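Trainee: Have a look at the structure that comes next, please.
The values are calculated or read from the model by the stated rules, or taken from the named source; none is laboratory data. This is a predicted model, so every value here is computed, not measured. Cβ sites come from the backbone with ideal geometry, for glycine too, and all protein chains shown count toward neighbours. SASA here: full protein model, heavy atoms, side chains in, ligands and nucleic acids out. Shrake-Rupley method; radii C 1.70, N 1.55, O 1.52, S 1.80 Å.
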Amino acid sequence: MAPRRDEDPPEPSGGRPAGPARRGRLWARLTGPDRPVSEAHASLSYYALLISTLFLLTFGLIMVFSVQSVTIAASGGSAFTAFLRYLVIAGVGLVVMVATSRIGRVWIQRLAVPALLLAAVLQSLVLVPSLATCAGGNCNWVRLPIVGQAQPSEFIKLALALYIGWVAARHRERLRGGWGVVLFVFVPAGAAIGLVMRGGDLGTVVILALLMAGALWMGGLGKTWFVGLFTAGMIAFGGATMLSANRRARIMAWLHPEAADPLDVGYQPLHGRYALGTGGWAGVGPGSSRQKWGYLTQADSDYIFAVLGEEFGLVGTLLVMGLFAVVGWCCLRIMRRSQDLYVGVVTGGIMCWIIGQALVNIGVVVGILPVLGVPLPLISAGGSSLVFVLAAIGVLLSFARNEPGAERAFATHGGAVRRTLAVISTRRRNRA
């Protein structure tokens, strides 16, 4: 018998607890019983997520080379050498993605707490002057042996999503409110986010807040907590903005773009809009951007979407946004088809991280949001960001491989491929 609308739905046998009563209908839509699906549909989340990720990564490699072929060559370096290094980083990220997709859900959960501790330790290295590296007031990079320059805050994003999922799965009553959620979630998460804020990276703090919101919402945290956290977050954001002259200038340039100094704080947003306007419908062509020739100082990172719009036009930007929409849809499908609370919470956090960060970056470029300095996932240059986003995609692929009917579908496909290769090999031997 279906539960009444004014009551919590009963807890399914798979282990996911019912959501709050006032959220019952939404929860039922997301976590309702699965209908019988064909083997092709059972593996749809996996293949759609994998293909859209590879297309976004390909777009990113094209754009990074397009920009670096100008910026690095202008400084006397070799654009091919720099791109080859970035290509190696992308290859490492793909290996990490594939390896993570093969890890079982149980082991992913077991690695949550050690991952957050390791990420916090690495992030604390930004407090060591001899290891920290700063750029534009942001000191969230560290120099590590063998690895080189890295950004531990990207690791914190993934670790935090895994950790909140661990709390929800192992201590689900702690997310109902009270001191439990404070001690188990807000204290460790606040310590990690505080280390990021200590380095001056307000943009990453905003993304971490979005990630936590998505994970805690799927964990069943009450609306009252969200109202309080949103209010406290806005107060903290306002305080952090007012205490920094650079951030105040960015906010004022966003509120009053006509009054912003076009040679100072208003320079980057202005030329970003120039790039998008120049692109038109179909763009000026791959590699033909004008704004990347020294006009956009962050052309390969924060403002790469502007260069993409200039070279590929509105069609290219809509294609990239559509691919991110597919990634978001895959996340929603994984959450709906899984009856595991851990899977739902981690997937919700990763979705808000990747899709939220993409929306923030695009919003900054088109002028909807003030400049926050966050890269476009899978598109912008950045080794740490690329590797850990691909690692997060690997976690989602692991969850997708365990959807109802997916394991059987993969086994059937694998058997069909082996039989086909066996037939081809036999025919070749007979011909020989």
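Trainee: With a 1.4 Å probe and every protein chain left in place, tell me how much accessible area Trp254 has, in Å² to the nearest 10.
Mentor: 100 Å²
Trainee: Another question, if that's okay. For Met242, what accessible surface area do you get with a 1.4 Å probe? Give it in Å², rounded to 10.
Mentor: 110 Å²
Trainee: Hey, another quick one. If I take R0 = 60 Å and measure r between the Cβ atoms of Asp264 and Arg408 in this structure, what FRET efficiency does the formula 1/(1 + (r/R0)^6) give, to the nearest 0.05?
Mentor: Values: r = 61 Å, r/R0 = 1.01.
The calculated FRET efficiency here is 0.50.
Trainee: Same structure, new question: So how exposed is Ile72, as accessible area in Å² (1.4 Å probe, rounded to 10)?
Mentor: About 40 Å², rounded to the nearest 10.
Trainee: Quick one: grab the alpha carbon gyration tensor of the stretch 237-300, order the square roots of its eigenvalues as a ≥ b ≥ c, and give me rounded if a/c is under 1.5, else prolate or oblate depending on whether a/b is larger than b/c.
Mentor: In terms of gyration-tensor shape, prolate.
Trainee: Calculate one ³J(HN,Hα) per residue across the stretch 206-222 by plugging θ = phi - 60° into the Karplus curve 6.51 cos²θ - 1.76 cosθ + 1.60, and present them in order as whole Hz with x for glycine and proline.
Mentor: 4, 5, 4, 5, 4, 4, 4, 4, x, 5, 5, 4, 5, x, x, 5, x
Trainee: Further question on the same structure: What is the local net charge at Gly104, summed over the other residues whose Cβ is closer than 13 Å to its Cβ (Lys, Arg +1; Asp, Glu -1)? Walk me through the intermediate numbers first.
Mentor: On the way: positive: Arg102, Arg105, Arg110, Arg401; negative: Asp340, Glu407.
Result for the neighbourhood of Gly104: +2.
Trainee: Next up: So what's the net charge close to Gln291: Lys and Arg +1, Asp and Glu -1, counting the other residues with Cβ under 14 Å from its Cβ? Could you put the intermediate results ahead of the total?
Mentor: Working: positive: Arg273, Arg290, Lys292; negative: Asp300, Asp302, Glu310, Glu311.
Within the 14 Å Cβ shell, the charges total -1.
Trainee: Please say if the stretch 246-344 is rounded, prolate or oblate, where rounded means a/c under 1.5 for a ≥ b ≥ c the square roots of the C-alpha gyration tensor eigenvalues, and otherwise the choice is prolate for a/b larger than b/c and oblate otherwise?
Mentor: Note, shape of the stretch 246-344 comes out oblate.
Trainee: Counting pairs of alpha carbon atoms under 8 Å apart in space and at least six apart in sequence, what relative contact order in percent does the stretch 350-400 give?
Mentor: Relative contact order of the stretch 350-400: 28 percent.
Trainee: If Ile51, Ile193 are ordered by their accessible area, calculated over protein heavy atoms with a 1.4 Å probe, which sequence runs from highest to lowest? Display every interim value, and only then the final one.
Mentor: Numbers: Ile51 90, Ile193 30 Å².
The ordering from most to least exposed comes out as Ile51, Ile193.
Trainee: Using a/c under 1.5 as the rounded threshold, could you call the stretch 93-240 rounded, prolate or oblate? The axes a ≥ b ≥ c are square roots of the C-alpha gyration tensor eigenvalues, and prolate needs a/b larger than b/c, oblate otherwise.
Mentor: oblate
Trainee: Name the residues whose placed amide hydrogens come within less than 5 Å of the amide hydrogen of Trp141, ignoring near sequence neighbours (fewer than 5 apart) on the same chain.
Mentor: Thr133
Trainee: Moving to a separate point now. What ranking of Tyr295, Tyr267 comes out by heavy-atom accessible area, probe 1.4 Å, highest first? All intermediate terms of the calculation are to be shown ahead of the outcome.
Mentor: On the way: Tyr295 105, Tyr267 55 Å².
Highest to lowest solvent-accessible surface, that is Tyr295, Tyr267.
Trainee: When only the heavy atoms of the protein chains count and the probe is 1.4 Å, how do Ile103, Ile89 rank by accessible area, highest first?
Mentor: These residues rank, largest area first, as Ile103, Ile89.
Trainee: Using a cut-off of 14 Å between beta-carbons, work out the net charge of the residues near Met242 (Lys and Arg +1, Asp and Glu -1, Met242 not included). Mind dumping the intermediate values first?
Mentor: On the way: positive: Arg247, Arg248, Arg250; negative: none.
Counting the neighbours of Met242, the net charge comes to +3.
Trainee: Further question on the same structure: Could you sort the peptides 55-68, 142-155 by per-residue average Cβ neighbour count (10 Å cutoff), highest mean leading? Spell out each step's value before the answer.
Mentor: Values: 55-68: 21.2, 142-155: 17.2.
Going by the mean number of other Cβ atoms within 10 Å, highest first, we get 55-68, 142-155.
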